[in-house]
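Beneath this line is the structure, given in structure tokens, with notes to follow.
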Amino acid sequence: MSYRKTAGAYACVTLLVASLTFLLWMLGFSFDLVNIALIYLLPVLLSAVYAGKGPSLYAAALSVLAFDVFFVPPVLSVTVEDLRYLISFVIFLAVAGLTASLADRLKQQLQYAKRREAQTALLLALSKEMGQLTEIPSLLASLSAQIARHVECETAFYLVHEGRGLERVVQAPGFSRWEVTEKEAVLAEWVFTHRTTAGRGAETLPEASGLFLPISSEDSIFGVMAVNLKGKKLAEDARPLLEALAGLAANTMARIRLSEEAKLAQLTAESEKLRNAILDSVSHELRTPLATITGSVTALIEGERIFSSSDRLELLSTVEEGARRMNRLVSNLLGMVQLESGMLQLRQSWCDIEDIVGVVQHQVKELQRNRMLHIRLQPDLGWLRGDQGLLELVLVNILSNSFKYSHDYSLVTVDVRLEQGCMNIRIADEGIGVDKSDQERIFDKFYRAKHSQNVPGTGLGLAICKGIIDLHGGSIKAETNDQQGLTVTVRLPVHDRCTAVPLVP
């Protein structure tokens, strides 16, 4: 309690005793002296509750003096006629002192309970906050701010860095600027090694300027938290708070480390899975056309006199089909590598959708075979701004899938029209379709629906389509038809040819 508050408390006690004495004096001697003595306990109790032990003892002494002077015969004199009153005065002072001590102790316990409640609420709020943190710098910044707010001390942290040992963290903003000496750095090393609190207020090196606490859990230690006390004594309930914060920090660091290890394990597993998928897909997709080409070429070489012209033409067609299949596989692999690495650059130009559809129709003619292809183009479609070669690749891949998963003599429809300022290209087939759970996943790399496992393919075509459409600022989605098959819809922004400005490729 400050000097001003202490002086005010004693003044209030003096005024209260004086006012009570004046009131009892005005009422005369209508009260018995025993009752008056009991009434004088009231200032003692009030001062003990609201002012503390010192003012309450002062109130007891002042009350005894006022009772003696104004009410004990002879009145207006400090002397007493009956010496038995001296025993009463001693008992009054003893009761007043005991009452003041008990009231003061209850007040301290109440204040301590309030502080403990505030610390518990603080730790609960911090645990919730730290449960959402995913980085060590954010954790340390939060701890520094809370310690500065509730303990009014600066904080420094020593963390373990692989290959460099224990180092003080000073890089992140919001950390303490406390200059720690070499002696205290050695103390931090000792605390880290022995996992024991040391420094000011502790049993080990109490003459240090700060308190050093280990940030450790049951089986791991992550560093040391140093609190600069600036030569002052730490409050009684502050050290348990700091120890609880250090433990909370250790648990959070352990969680972050486990999370990072789990992410690394997940990435490793995904990489392994992706590698296996690439090897399986590429090896299977390359072996089949290579075996076909090898067999056809071998037959042509060894059976030159056996095969007729039509047989040779059929074998050469088989060789050509195998070569085209290998070329599509290599093109898809290279395209995916370019997309993943960010090396794929758009060669933007103004594109006529009718030209794109015409080129695509010619390119998929060999794949179409017995399927029927119906194309509907809305008049005056406008212009697309993008890479014509990549847009053609998108439509070729989608149509290839439609032909691949459709039966002979089924219908594949390409419908192009303007809707809400975008060009919608819908490609619908009457094939085997996909389940609703697979409609989003078919655009993932190497993903293939369960019912399409027996159909040759790598699962790269639609993934490349999605990457190219995303680069053009459009969207692509797949929906199951009402009756049979799948519809893939591509939405691309359009531009008016009259208002279009020239582009530099």
Could you give the nm distance between label points at residue 113 and residue 101, where each point is 7 Å from its Cα heading toward the beta carbon? 2.2 nm
Hey, which lysines would be in cross-link range of residue 404, C-alpha to C-alpha under 24 Å, not counting anything within fewer than 8 residues on its own chain? 365, 436, 445, 450, 466, 477
Using modelled amide H (1.01 Å from N, peptide plane; none on Pro or chain starts), what sits under 5 Å from the amide H of residue 223, excluding residues fewer than 5 places away? 215
Once the piece of chain linking residue 407 and residue 262 is laid out straight, how much longer is it, given 0.36 nm per residue of separation minus the C-alpha distance between them? 47.7 nm
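Between residue 310 and residue 378, 0.36 nm times their residue separation minus their Cα-Cα distance comes to what? Numbers along the way, then the final one.
On the way: separation 68, 0.36 × 68 = 24.48 nm, distance 4.27 nm.
Length gained, residue 310 through residue 378: 20.2 nm.
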Are there chymotrypsin sites (Phe, Trp or Tyr not before Pro) in segment 27-96 that DSSP marks as loop and that have at most 13 other Cβ atoms within 10 Å, and which are they? 29
Which one, 121, 146, 102, is farthest towards the positive end of the dipole of segment 90-155 when Lys and Arg carry +1 and Asp and Glu -1 on their Cβ? 102
Once the whole set of protein chains is in place, how much accessible area is left on residue 12, using a 1.4 Å probe, in Å² to the nearest 10? 90 Å²
Could you give me the ³J(HN,Hα) list for segment 388-401, computed from phi with Karplus coefficients 6.51, -1.76, 1.60 and θ = phi - 60°, whole Hz, x at Gly and Pro? 5, x, 5, 5, 5, 4, 4, 5, 4, 5, 5, 5, 4, 5
Points 7 angstrom from Cα along the Cβ direction at residue 494 and residue 237: gap in nanometres? 7.3 nm
Using modelled backbone amide H atoms (1.01 Å from N, in-plane), which distant-in-sequence or interchain residues come within less than 5 Å of residue 154's amide H? 228
Long-range amide H partners of residue 386 with built H, under 5 Å: 349, 351
Say each of residue 297 and residue 129 gets a label point 7 Å from the Cα, pointing the same way as Cα to Cβ; how far apart are those two points in nm? 7.0 nm
Segment residue 324-residue 19, length gained on full extension (0.36 nm per residue, minus Cα span): 98.7 nm
Partners for residue 232 among aspartates and glutamates (Cα-Cα distance below 15 Å; same-chain residues under 8 apart left out): 152, 154, 207
Residue by residue, what Karplus-based ³J(HN,Hα) values in Hz, rounded to whole numbers, does segment 86-103 have, using 6.51, -1.76 and 1.60 with θ = phi - 60° and x for Gly and Pro? 5, 5, 5, 4, 5, 5, 4, 5, 5, 5, 5, x, 5, 5, 5, 5, 5, 5
Any aspartates and glutamates with Cα under 15 Å of the residue 53 Cα? List them, leaving off those in the same chain fewer than 8 positions away. 104
With every protein chain in place, segment 72-139: carbon and sulfur % of accessible area (1.4 Å): 64 percent
Leaving out ligands and nucleic acids, and using a 1.4 Å probe, what accessible area per residue does segment 42-164 come to in Å²? 58 Å²
Cβ charges +1 (Lys, Arg) and -1 (Asp, Glu), total dipole of segment 182-279, debye: 240 debye
Derived scalar couplings ³J(HN,Hα) [segment 77-82; Karplus, 6.51 cos²θ - 1.76 cosθ + 1.60; whole Hz; x for Gly, Pro]: 8, 7, 7, 10, 7, 9
Take the Cβ-Cβ distance between residue 366 and residue 482 as r, set R0 to 35 Å, and report the resulting FRET efficiency rounded to the nearest 0.05. 0.70
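The values are calculated or read from the model by the stated rules, or taken from the named source; none is laboratory data. Everything quoted here is computed from the prediction, not taken from an experiment. Quick reminder, even Gly has a Cβ in these numbers, built from the backbone with ideal geometry, and neighbours come from all protein chains shown. Just the protein is used for accessible areas: all its heavy atoms, side chains included, with ligands, DNA and RNA removed. Shrake-Rupley method; radii C 1.70, N 1.55, O 1.52, S 1.80 Å.
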